[in-house]
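What follows draws every value from the coordinates through simple rules; no lab data is involved. Just so you know, these numbers come straight off a predicted model, no measurement behind them. Note that we place each Cβ from the backbone using ideal geometry, even for glycine, and neighbour counts take in every protein chain shown.
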Amino acid sequence: MTQKILALPGNDVFAARLAEQLDAEQLAAEFRSFPDGESYVRIDGDWQGAEVLLVATLDRPDSKFLPMALAAQTLRVHGAARVTLVAPYLGYMRQDKAFHPGEAISAPIFARLVSSVVDELVTVDPHLHRIDALGEVYSIPSINVHAAPALAAWIAERVADPLLVGPDVESKQWVSAVARESGAPYVALEKVRRGDRDVEVSVPHLKDYAGRTPVIVDDIVSTARTMIETVRHLRALGAPAPVCVGVHAIFAGDAYAELQKAGASTIATTNTIPHPSNDIDVAPLIAAALS
Ligand code: R5P
């Protein structure tokens, strides 16, 4: 089936990478707000009978979901054979249970909304913690692309004798996959989060890894408190300045500057969310999954 690509605002660079990799034509569109704040969408071109790859990374998703849904429905109504949402970052995966009475469990609620407007979902390393697989909450087919090969290649090229450090139990799935790909040793720490910015990470045992450069690997960097606490422990133990590698560069508020200030030597992320720290391209991995 012919593939066409439509980028939502802010996704042009990633969509262009995909178009190049898949040799697919891009559709042009106008996205804007009416004076009352409601969204306006108009799509140009011909997508009759095509699979349309709607590229919309879903960090800060509240303002992105509705234009995405309007575009998806417009594509469907005007003849798309299938609308595939390519969301390199998939938001609303962390609130997967009620931690306090009366809280919205947003992961399955958001999943139902997304499943109602597109036919398929492709994403990169969604935050799977208490949810084991996307199929538990998404009712549409989904592909989970793993960034581990790209992270491992970046680390192999940039860091001599790395020691991979996963800052919490969840990170073990990513850090162990990167370790397998790169042949580097890893340690996984334990974390307690008491609030959005109140995080305690256990102290790593480094005695078997003298001379190695710590590389902290995590899926999401949001407030960066997790990475900052881990950097502080490593520095206090006399380790070389750590390299920080994240899949999804959310960097809320001044998190990026704070992490730099804490003593990270290099901060590198993938391009699932546009950010100055992006240095690892996952578009080829997504293109391979889509072709
Ligand atoms: C949480 O369990 C994730 O794997 C990350 O460790 C977390 O999202 C990082 O958040 P923050 O940057 O706010 O500490």
Query raised in the report: For the range 1-50, what are the per-bin percents of Cα-Cα distances with bins 5 Å wide, up to the bin holding the maximum?
Result: 5, 19, 24, 22, 15, 8, 5, 1
Query raised in the report: Can you give the relative contact order of the chain as a percent, counting alpha carbon pairs under 8 Å and 6+ residues apart?
Result: 13 percent
Requested in this report: Would you mind estimating how fast the range 16-87 diffuses translationally, via Stokes-Einstein at 25 °C and 0.890 mPa s with the Kirkwood radius over Cα pairs, in µm²/s?
Outcome: 189 µm²/s
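At 1.567 mPa s and 4 °C, plugging the Kirkwood radius over alpha-carbon pairs of the range 229-291 into Stokes-Einstein gives what diffusion coefficient in µm²/s? Working shown, then result.
Details: Rh = 12.9 Å.
For these conditions, the coefficient is 100 µm²/s.
With a cap of 16 neighbouring Cβ atoms within 10 Å, and only residues DSSP puts in a loop, list the chymotrypsin sites (Phe, Trp or Tyr not before Pro) found in the range 49-151. Don't jump to the answer; show the numbers that get you there.
Numbers: sites: 65, 89, 92, 99, 110, 138; in loops: 89, 92, 99, 138.
Qualifying residues, ordered by number: 99.
With r as the distance between the Cβ atoms of residue 172 and residue 82 and R0 = 30 Å, compute the FRET efficiency 1/(1 + (r/R0)^6) and round to 0.05.
Values: r = 35 Å, r/R0 = 1.17.
Step by step, r from the Cβ atoms, then E = 0.30.
Give me the one-decimal Kirkwood hydrodynamic radius in Å for the chain, with the sum taken over alpha-carbon pairs. Walk me through the numbers before you get to the answer.
Values: mean 1/r = 0.0501 Å⁻¹.
For the chain, the Kirkwood estimate is 20.0 Å.
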Report summary line: Over the range 102-234, the quotient of the Cα radius of gyration and 2.2 N^0.38 Å is 1.19
Query raised in the report: How are the C-alpha pair distances of the range 52-160 spread across 5 Å bins, as whole percents from the shortest bin up?
Result: 2, 12, 20, 22, 16, 11, 8, 5, 3, 1, 0
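Taking the Cα centre of the chain as origin, sum charge times position over the Cβ atoms of Lys and Arg (+1) and Asp and Glu (-1), and report the length of that vector in debye to the nearest 20.
Values: 25 positive and 36 negative charges, 129 e Å.
With Lys and Arg at +1 and Asp and Glu at -1, about 620 debye.
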**Report entry** Principal semi-axes in Å for the range 185-266 [√(5λ), Cα gyration tensor, largest first]
**Finding:** 20, 14, 11
Query raised in the report: Given 39, 237, 257, which one lies farthest toward the positive end of the charge dipole of the chain, if we put +1 on the Cβ of every Lys and Arg and -1 on the Cβ of every Asp and Glu?
Result: 237
Query raised in the report: Which of 77, 243, 165 moves most in a GNM of the chain, Cα contacts under 10 Å?
Result: 77
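Which FRET efficiency, nearest 0.05, do residue 261 and residue 109 yield, Cβ-Cβ r, R0 41 Å?
Efficiency at R0 = 41 Å is approximately 0.65.
Please give the length that would be gained between residue 95 and residue 136 if that part of the chain were fully extended, namely 0.36 nm times their separation in residues minus their C-alpha to C-alpha distance (nm, one decimal). Mind showing how you got there, number by number?
Working: separation 41, 0.36 × 41 = 14.76 nm, distance 1.44 nm.
This chain segment gains 13.3 nm when fully extended.
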**Report entry** Between helix 62-77 and the chain: long-axis angle, C-alpha atoms, 0 to 90°, nearest 10
**Finding:** 40 degrees
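Under 20 °C and 1.002 mPa s, how fast does the range 1-125 diffuse according to Stokes-Einstein, given a Kirkwood radius computed over C-alpha pairs? Answer in µm²/s, whole number.
On the way: Rh = 15.2 Å.
Rounded, D is 141 µm²/s.
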Report summary line: Kirkwood-based Rg/Rh on the Cα set of the range 150-291 evaluates to 0.95
Query - the range 149-217: antiparallel DSSP beta bridges as a percent of all, rounded to 5 - result: 35 percent
